[in-house]
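Worksheet for the structure shown next.
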Amino acid sequence: MAEAIYPVKNMERFGSANIVMDEACVSCDLDLSNRPYLVYEIDVAGKVGQFDTELVEEFFRAFVLNAKISTHIVALRGKNKHHIIEAAFKSLAVAIRRAMQKNERVGIPSTKEML
């Protein structure tokens, strides 16, 4: 039997957040599922200062695979690359915080009794 990686008892499990940074808005929806998957729909090709923006997707992919989280990160609107990238990171953080929230009504949020 697979080992649980999250303290699943009374944990919300699912989290989402839309984060606004000026003109940009990025959505992150996730499931602390022990089944890593990334949907990344953000077009910020190029550079922000000296920073190569293709590293953003590489970071999210490595994070999601190692944390074993199903995650969808989607830019809803925006033009400023810096704002879009910052909103992406913040939306992930808020969605994780919400998914880790204690919820006494949930019990064990999986039919397999582990995540």
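The values are calculated or read from the model by the stated rules, or taken from the named source; none is laboratory data. This one's a predicted model, so the numbers in the text were calculated from it and none came from an experiment. Because the Cβ atoms are built from the backbone with ideal geometry, glycine has one as well, and the counts that use them run over all protein chains shown.
Brief remarks follow.
- Within region 67-81, tally of residues that are in contact with a strand residue (DSSP E or B) (Cβ under 8 Å, 6 or more places away or on another chain) and either free of Cβ contacts under 8 Å to residues at least 24 places away in the same chain or not polar (S, T, N, Q) (or both): 10
- A residue that is in contact with a helix residue (DSSP H, G or I) (Cβ under 6 Å, 6 or more places away or on another chain) and either without any contact (Cβ under 8 Å) to a residue 12 or more places away in the chain or not basic (Lys, Arg) (or both) can be found somewhere in region 55-66.
- Residue count, region 1-24 (criterion: crowded, with 18+ Cβ neighbours inside 10 Å, at pLDDT 95 or above, hydrophobic (A, V, I, L, M, F, W, C) and over 12 Å from residue 73 (Cβ atoms)): 2
- When every residue of region 46-61 is checked against the conditions, at least one turns out to be more than 30 Å from residue 9 (Cα to Cα) and basic (Lys, Arg).
- Filtering region 83-92 for residues that are closer than 21 Å to residue 12 by Cα, part of a helix (DSSP H, G or I) and basic (Lys, Arg) leaves a non-empty set.
- Yes/no for residue 79 being in a loop (DSSP other than H, G, I, E, B) and of a type in the set (Lys, Arg): yes
- Which numbered condition residue 65 fails, given (1) in a strand (DSSP E or B); (2) touching a Pro at 6+ places or on another chain (Cβ under 6 Å): (1)
- Summed over region 25-60, the residues that are of a type in the set (A, V, I, L, M), buried (at least 19 other Cβ atoms within 10 Å of the Cβ) and not in a strand (DSSP E or B) give a count of 4.
- Some residue of region 33-47 being on the phi > 0 side of the Ramachandran plot, among the polar types (S, T, N, Q) and modelled with pLDDT under 95: yes
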